[in-house]
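Student: The structure follows.
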Amino acid sequence: MKHSNVLTVAWTGTICTDPAMTYISIRPERYSYNLIKENMEFVINLTTKDLVRATDWCGVKSGAEVDKFKEMGLTKEKAEHVKCPLIKESPVCIECKVTEIKELGSHHMFMAEVLSIDADEKYFDENGKFCLEKCDLITYSHGQYYTLGENLGKFGFSVKK
Ligand SMILES: Cc1cc2nc3c(=O)[nH]c(=O)nc-3n(C[C@H](O)[C@H](O)[C@H](O)COP(=O)(O)O)c2cc1C
């Protein structure tokens, strides 16, 4: 890969369980847009409290002008199925292959198949369970970054007797 880059994306989510599929929606004017379109692959690196500054910075600076990995001290790690690197500091990295680009309007939606998920070993407990709650993930809402806050219940709790 001639050049790798990082951009912050809020418009993302799961769109299918089997096959495992996700999406990112990107404005065509972003530097990353053509990189992804040419290579038809990307990695989603979940972000954390420790990475909040890098998250914001990578969302306001362009890879056309700066090397965001270098400037933010992010470590490139070789991916298994795609040519672009993972971010070592991220607890969960999702390797994706683009299957379709939907030109929706301001944003184009890159629908993608999940090829693999790389999870940091330090978050597995002694029973081999991945403890996502220990990763200190952050979220973005209405222009602000937040930690995830309290647990409000388990799937199906509303009907459990
Ligand atoms: C919190 C946050 C969320 C963002 N979400 C998106 C998004 O979903 N889609 C998008 O096209 N740009 C989004 N951006 C803007 C890009 O990350 C930003 O324009 C970035 O500088 C593009 O980098 P590039 O020019 O290196 O591709 C977001 C920025 C921030 C700070």
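Taken together, the values in this text are just the output of simple stated rules run on the coordinates, not laboratory data. Bear in mind the structure is a predicted one, so any value in this text is a computation, not a measurement. Cβ: placed from backbone, ideal geometry, glycine included. Neighbour counts: every protein chain shown.
Student: For the range 63-92, how many residues are outside any loop (DSSP other than H, G, I, E, B), buried (at least 18 other Cβ atoms within 10 Å of the Cβ) and more than 10 Å from the ligand (Cβ to nearest atom)?
Tutor: 4
Student: Continuing with the same structure: Let me spell it out: the conditions are (1) under 19 Å from the mean Cα position of the chain (by Cα); (2) away from the ligand (no atom under 16 Å from the Cβ); (3) on the phi > 0 side of the Ramachandran plot, and Phe130 meets all of them except one. Which number is the exception?
Tutor: (3)
Student: Take the residues in the range 93-140 that are basic (Lys, Arg) and not in a strand (DSSP E or B); name whichever of them is nearest to Glu80 (Cα to Cα).
Tutor: Lys122
Student: Can you pull out the residues in the range 52-62 that are more than 18 Å from Arg30 (Cα to Cα) and either without any contact (Cβ under 8 Å) to a residue 40 or more places away in the chain or in a strand (DSSP E or B) (or both)?
Tutor: The one that is more than 18 Å from Arg30 (Cα to Cα) and either without any contact (Cβ under 8 Å) to a residue 40 or more places away in the chain or in a strand (DSSP E or B) (or both): Arg53.
Student: Sticking with this structure for a sec: Could you grab me the full set of residues in the range 1-46 that are of a type in the set (S, T, N, Q), within 9 Å of the ligand (Cβ to nearest atom) and either assigned to a strand (DSSP E or B) or touching a strand residue (DSSP E or B) at 6+ places or on another chain (Cβ under 9 Å) (or both)?
Tutor: Within the range 1-46, Thr8, Thr12, Ser25, Ser32 meet the criteria.
Student: With (1) within 21 Å of Cys135 (Cβ to Cβ); (2) small (Gly, Ala, Ser); (3) in contact with a His (Cβ under 9 Å, 6 or more places away or on another chain) as the list, and Ala79 as the residue in question, which single condition is left unmet?
Tutor: The failed condition is (3).
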